[in-house]
Each structure stands twice: as structure tokens, then as C-alpha cells.
């Protein structure tokens, strides 16, 4: 699935950068690192390349259900993707924060046809790597039970 119109500042099928090119990473801005990670992880649903290229080996994970470190988290994600081949991340918006923080608001589904979850990932970037991650996750409710018609996205 493609992100909602206007969610990302590039054509998701033809980004204006090579998302796997880590050359000169130390000189890349927080935004440049995050854009490349977003393309690989959320748009292409490719955590292996996203983590291998852009996640620091010793990154700090604040989700209590995931381990610290790139390799341990990646192994967990790869196992999930093997069990759930229909898993998707649909980016709705990106908030480009000050200095070293980026927030990604997305619609996560483990399988097609489900309401899924509204998630915000907060990423901290340093020295050309994502070095820290927080997330907030909420199930998308049945619209019939909502107290307003605004929706989650």
C-alpha cells in the first residue's frame, strides 16, 4: 500500500535518493537518515535493509516487548514477517522534529482486512544512525463505537 497523499515529500516508488546508500553517513542530516529508513522500513516493508543500513548496532529500544540492539530486534521482526506475510506499514504523516528527533505516524496491519493499529514511532538520530526508538500503539476501534467521526488518521 502507498502512504496517504501528501504524507511523504517524495514519490514512494521513485525516491530522490538511494535508500541503501550509507556513504558519508556522518554528514547526513537527521532528515536524510530518517527519509532513507522510512523508505526501506515503512514504504518497502523491508526491515532487513532498513535495520542493516540505518539502525545503530547498539540502538536503544524503549518498547518493553522488543530487545535492545539492531540484530536482536531485527531477528524478532524477521520472525514476525515470516509468520505474517501480509504485514503492512502505511505512513500517514511524518513530523520532522528539531535536531535529532523524527516522528512517524502510521497504520500498521498484521494482516489484510483487519483494522490494525495506529502507531507513532519516535526515532532519535545521531552520527548517521538511528540510535533510539520509542513507540505508542493504539488499536483502531470499530468506527461504530467511536464517539466522533474523526478517525485515527
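Worth pointing out:
- Pairs, first farther than 16 Å from residue 18 by Cα in the stretch 46-75, second part of a loop (DSSP other than H, G, I, E, B), C-beta under 7 Å, six or more apart: 57/69; 58/69; 59/69; 60/68; 61/67; 61/68; 73/66; 73/67
- Per-region count, the stretch 96-109, residues at pLDDT below 95 and either over 23 Å from residue 25 (Cβ atoms) or exposed (fewer than 13 other Cβ atoms within 10 Å of the Cβ) (or both): 2
- Boolean, residue 79 is in a helix (DSSP H, G or I) and free of Cβ contacts under 8 Å to residues at least 12 places away in the same chain: yes
- Matching strands (runs of 3 or more DSSP E) fully within the stretch 82-141 where at least 1 residues are out of contact with any strand residue (DSSP E or B) (no Cβ under 6 Å at 6 or more places or on another chain) and without any contact (Cβ under 8 Å) to a residue 12 or more places away in the chain: none
- Scanning the stretch 20-36 for residues that are surrounded by 20 or more Cβ atoms within 10 Å (Cβ to Cβ) and touching a strand residue (DSSP E or B) at 6+ places or on another chain (Cβ under 6 Å) returns 30, 33, 34.
- Selection count where residues are under 23 Å from residue 74 (Cα atoms) and assigned to a helix (DSSP H, G or I), scope the stretch 6-63: 24
- Lone qualifier among 124, 115 - being modelled with pLDDT of 95 or more, surrounded by fewer than 16 Cβ atoms within 10 Å (Cβ to Cβ) and under 27 Å from residue 13 (Cα atoms): 115
The values are calculated or read from the model by the stated rules, or taken from the named source; none is laboratory data. Because the structure is a prediction, the values reported are computed rather than measured. Backbone-built Cβ (ideal geometry, glycine too); neighbour counts: all protein chains shown.
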